[in-house]
1. Using θ = phi - 60° and the Karplus curve 6.51 cos²θ - 1.76 cosθ + 1.60, what whole-Hz ³J(HN,Hα) does each residue of segment 83-92 get, with Gly and Pro shown as x?
2. Run the quick spin-label model on Tyr36 and Leu105: label points 7 Å from Cα toward the beta carbon, then report their separation in nm to one decimal.
3. Just to be sure I understand the model, the point goes 7 Å from the Cα along the line to the Cβ. What's the resulting Cys81 to Gln58 distance in nm?
4. Once Lys and Arg get +1 and Asp and Glu get -1 on their Cβ, which of Leu46, Leu60, Thr87 lies farthest toward the positive end of the dipole of segment 38-112?
5. What ranking, highest mean first, results for peptides 90-103, 32-45 when packing means the other Cβ atoms within 10 Å averaged over each residue?
6. Return the FRET efficiency for the residue pair Asn97, Asp51: r is the Cβ-Cβ distance, R0 is 30 Å, and the value is rounded to the nearest 0.05.
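The numbers here are math on the coordinates, done by the rules we state, and not lab data. As the structure is a prediction and not an experimental result, all values here were calculated from the model. Cβ sites come from the backbone with ideal geometry, for glycine too, and all protein chains shown count toward neighbours.
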Amino acid sequence: MNKMKVSRCLLTFFLVCVSSKAENEFIESPKKKKFYPSCQQYGELLWEVIDLTNRLSQRLIELQKGAIAEITPYLEGDKNCFLHQATKQQRASAYANHQKQRDALQSMLHVCPVVVPRIK
């Protein structure tokens, strides 16, 4: 008798679990509202992309010029260049800064996909 009660309870519990799962499948998630940009919105977005890439290009050129200016004296054999005159701590700090810059540039390359424009 006791086994029958336990088995009925387990069966009831199992059926409740199964039915609640089935009910969850029928609940529909809210539909996302589609966005259709106007020509003006599309043009403004493209203008922002152009402006941001110009500003980014300027910063990249400044970064490149700084790196070239820093390495050139060392490559020319100048004994008074930063790499020869810096202490271990200064060199380690500068190295860490350049690593951060390099990592940021690498992540930018991975994050920014190149999209081929549709020209008709």
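1. 5, 7, 8, 6, 6, 4, 5, 5, 5, 5
2. Taking the simple label geometry, Tyr36 and Leu105 are separated by 4.5 nm.
3. Label-label distance for Cys81 and Gln58, simple model: 3.0 nm.
4. Thr87
5. Numbers: 90-103: 11.6, 32-45: 8.2.
The packing order, highest mean first, is 90-103, 32-45.
6. Working: r = 28 Å, r/R0 = 0.92.
Efficiency at R0 = 30 Å is approximately 0.65.
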